[in-house]
Structures are given as structure tokens and as C-alpha cells.
């Protein structure tokens, strides 16, 4: 039905007759000459109809926005002064000879270029919203990204292998989506949170190098970079260590950025130990574009009378840290109060500060409600460690280390964006040397920092039972501009080590047998050393496209309440279906929103 896409007709086609198809983006009547901007997935093309062809002109007069047209005409230069440098087709136009309306459109729910349309409406009419050029561009980028990833992995001996969607519920962190079985009354499949166990079994099977672009499902609270169903590039390989795996993955990401964005990423990516990341940035996914850092000051505050500082300073699980904001003296009291309210979201009880007006004047050159509680020696050390200068402001966090890290880490990022401390460009980093476990105060037990199948360092095997708090893993995360885009590890490939890890996580032998018996059996049948990584495809494309949310790089996403406004899912099903699945629903009761 067409010879070209609209966006592909250029000056190379002048004097040629072309046929294009698409949607009416805009129709304009200029004194008896009708201009139609025709749009398809490749861009816009200006078509001109004049009264010389009366029958075709009459059809053009009846055209409205979003009608679907087939246009045939001759390519010519635009008149002088009308060239549009912002369009690939901006030098030319098509003089329309023929016009066929393939389908009419009712009045659209909104104009595509209306920036005030709510996200609710955009999701309700998603098929219409995807016609927006920016949405098309994001999905085109996503397609290009997956194609380049596949090419790289195919060229390096990886095999594309599918794993099951209906599988067994296993404890992996988030809640499972469950699917009732019709043929086995009272039992359920689970949709996979990831193909983790299956890809390890593929290594036991000797397939050596696996990848899959796979859908994963997690029933968890949502946010801008999280959806109940998402896509990841899943990778596993045998007989490579972590340095070799990270080297492969760096090479893939560098090639991806060069081919899609013409961006040269560093070679190699820097590596940052987890403990250093938490100490300097308060986060295991630090944005290295932001030139602000946390500084520990607990050692000089242990003996001060100010219990807000001395309490955490003397607590083995506490932390007292400072964050210097260059030029921060400009902040008003209201702005400081707003930042105080912001850190309270992360559990901070307050936000102490010192304004450095004149550092040479000693205590008299400082301004803060907490100065009277601090001795001169402590103040001097704080100013020295933070490298404070005139005009700076120093924020303080004092609490449990987890609270200080979360609150000051988040404040660091917010201040960086609010106060112009974010460098341009791309800053990748590997975060390595993660602790094997973290202690859950609520459940009073250790939990995996990554997942239960992550291998401990060989040098820390003895600590699995004797000193789990100081046992480190062979895990690695790839972070880009403050977002984790990939996480992986070397896996446990010896059954007795896996059993020790399960025991440390509070998983009894009986539960381990019930949940993971098939994995433990596989580890005893010649399992090779292996490791892998999974990249969040949605997050990666979100970053590369500059989209504000992963919903903007998915064709049909869910809302933050995990519903689909387009199809009205989830929805009720018939009594017959429920009976076939051996499910009997209770009568609904009113429950307050949690």
C-alpha cells in the first residue's frame, strides 16, 4: 500500500512519485491550499493539495485529525523560507495527486501535543497515546537496545533459552503472583520473580552460556522505576569468574551506548566496594555525577553532652555523619525546614546544620542552634574533615547507621539536583564486595543482601556460621547515574555450602528440601562453578531515553496500584471459572485502605 514511510522521504526523492500511509497529525487550509501533516512511526511528512485536482481537493477538505490516509504524490522542494530544520523531511513536501481515506476517526480523547493531559487518560487510551512521537521514539529505542544486546550475546557464544512461566513458589524476597491449578485441586503455580533457579540448572546441564529477555513478576509496592511485570536481560555462564563476567558486560554496555547514543563510556568501569559506597554516599547505587560526599565524625562526638550526637556516636550500630553543601549559606530557614521534612521520610528525626559565614572568625563566624553543645575542638575537626569554606553549609545526620545512610544519601541526591551539583554525562560504576547478609531487626534473623544463591567469598566460608555479619559475597551491581541497571553474582555450586546458607537464613532442612530439593539434588550431580547477572531492561531504556518513569518505555504498563486502565484488569471472573479452579470466594467486606 506504500512505497515509503513518511519520515523516510527526503531530498533524495525529489521529482519521484511516492505513496505513503499514515495518520493526519494536522490539517491546515491556507487560502485555498490545503496542507496535511501525515504521521507514521518514522516521522512527519507535509502533503499539499491545491484546487487544480478538484475531486482530490474535495476529499482533502473533509479530512480531520487522526484520519488514516493513503497519499500518492510527487516530491518537491519546499518554497524558500518554509524549510523546517527540525524535521528530517523539512526540506521537501509532497504535491498530492491522489488521496484515499482508509478510515475515519471520531474526535480524539485529547490532542497528542497537549502536555496537560493526565497520566490516567494517557493510560486509559494507551493505543492512542503511543502515537505521540516521543512514545514511538522510546519504543523504537527499546527495540534497538534489545537487538544490539542479542547480537552481542549471540556473537559471544550465548544461547537464547526460555524458562517456564508457571513454576513453584519459592521465597525470593517479594510476594509471588499465584496461579491456581485446575487439574491439581488446592495447589498453585507461581509466576517467576526471576529465572534464577532455572538458569542455574541450565549450567548444571552443561549449556555453559545462557541468556533470555524475559518477563518477571513481583507483587510489591510500586514506584516510578518498578512495575508488577517487568523485563530483564537474564544471563548466566559457567567457568568464568566475576572479573571476566563483569568485563563481558562492560563491553556489551559500552557497545550499546556507542551504537545507540554515540556515547563513549569509560574503559574499564570504576569499581567501588560496598562499604566505601555506604560511607561516602549513603547508598549502594551512588550517583557519581554528584560531587557531594558524607563524612564520618562520630569519633569526635562521643564525649559531647549533646545526646543527639553522643548517643549514636557510642552505639556500635549508630552513625554520625556530615554533608557539606558548597554555597549553602544562601539557604533560607524555610528551605532548611523543607529539607528537614524531606529527610523525615527516610526516618530521620531532624536535620542539624551549621552555616559557615567566616571560617577565620572561629565560633563567631558560624551560625547554628547546635553550636552551644559542641566544644571548639570538635567544631575544628568537623570543619577540617568536611573541607568547609566561607559560604558553605554543613548538614548532620545522627541515628542508626541505616537511617543516616538512607536520609543523608537521599538528601545528597536532592541537594545535588536542587543546587546544581550534578555533572553532565554518564557515570557507570561497579559496586562490589557486598556483605553476604544483613540483620532484619523486625524478624530477628539474617536475610540475604542479594538472594540465597549468592556465593560467599572463598576466604569467608568459615564465617558463614561463626561470624555471618562479617561474611562477604561475590556479588556485583552495575550502577549508572544513581540507578542500578544490573545485578549479579557468582553462585553457590556446592550443596553443602548452599545448605549452610539456608540454615543461616532460618530455612530449616525440611523447608529447604520442600522448596529447593531439586536444586540441592542438582548441585550434587557435577555442578560447575558459575555466575551471572540480570539487567533491568525497562530501567536501562528509561535512563537512555530520558523518560521520567519506566511506564513511559513500556507499551502497556500498569498504574501504581497495579491495575490496567485500558483493559480494566484485574477483573472479576465467572462463578464457573472459579468452580473449575476449586476456589470459593468469601463475600466482600469493607476494608480500610492500608
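Where a number appears in this text, it was derived from the coordinates with a stated rule and is not lab data. Because the structure is a prediction, the values reported are computed rather than measured. Here the Cβ is made from the backbone with ideal geometry for all residues, glycine too, and neighbour counts use every protein chain on show.
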Placing each pseudo-label 7 Å from Cα in the direction of the beta carbon, residue 105 and residue 470 end up separated by a distance in nanometres of 6.7
Between residue 444 and residue 178, how many nm apart are label points set 7 Å from Cα along the C-beta direction?
2.7
So if R0 is 56 Å, what FRET efficiency would residue 215 and residue 363 give, r being the distance between their Cβ atoms, rounded to the nearest 0.05?
0.40
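Taking 0.36 nm per residue of sequence separation and subtracting the Cα-Cα distance, how much length would be gained by fully extending the chain between residue 260 and residue 30, in nm to one decimal?
Details: separation 230, 0.36 × 230 = 82.80 nm, distance 3.97 nm.
Using 0.36 nm per residue and subtracting the Cα-Cα distance, I get 78.8 nm.
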Between 0 and 90 degrees, rounded to the nearest ten: what's the tilt of helix 242-261 against the longest Cα principal axis of the chain?
30
With Cα coordinates, the longest principal axis of the chain makes an angle with the long axis of helix 333-344, in degrees rounded to 10, of 80
Where in region 101-118 is the amide nitrogen less than 15 Å from a point lying 7 Å along the Cα-to-Cβ axis of residue 127?
103-109
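At 0.36 nm per residue, and after removing the present C-alpha to C-alpha distance, how many nm does the segment from residue 524 to residue 11 gain when stretched out fully? Don't skip to the answer; put the middle values down first.
Details: separation 513, 0.36 × 513 = 184.68 nm, distance 6.65 nm.
My answer for the length gained is 178.0 nm.
Can you give the FRET efficiency to the nearest 0.05 for residue 513 and residue 389, using r as the Cβ-Cβ distance and R₀ = 60 Å? Can you show the working numbers first?
Values: r = 62 Å, r/R0 = 1.04.
Here the calculated transfer efficiency is 0.45.
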Given that just one value was derived from the coordinates, which of [x] 29.8, 93; [y] 26.0, 95; [z] 35.9, 122 is Rg and Dmax of the Cα atoms in Å?
[x]
Per DSSP H run of n ≥ 4, the term is -39500 (n - 2.57); total these for the chain, divide by its residue number, and report the mean residue ellipticity at 222 nm rounded to 500 deg cm²/dmol.
-8500 deg cm²/dmol
Quick one: which of 561-571, 78-88 comes out on top by average Cβ neighbours within 10 Å, and what's the full order, highest first?
561-571, 78-88
For residue 564 and residue 91, extending 7 Å from Cα along the Cα-Cβ vector and measuring point to point gives, in nm, a value of 4.5
Relative contact order of the chain, pairs being alpha-carbon contacts under 8 Å that are 6 or more residues apart, as %
13
Computed over the chain: longest principal axis from alpha-carbon atoms vs helix 509-523 long axis, angle to nearest 10 degrees, is 70
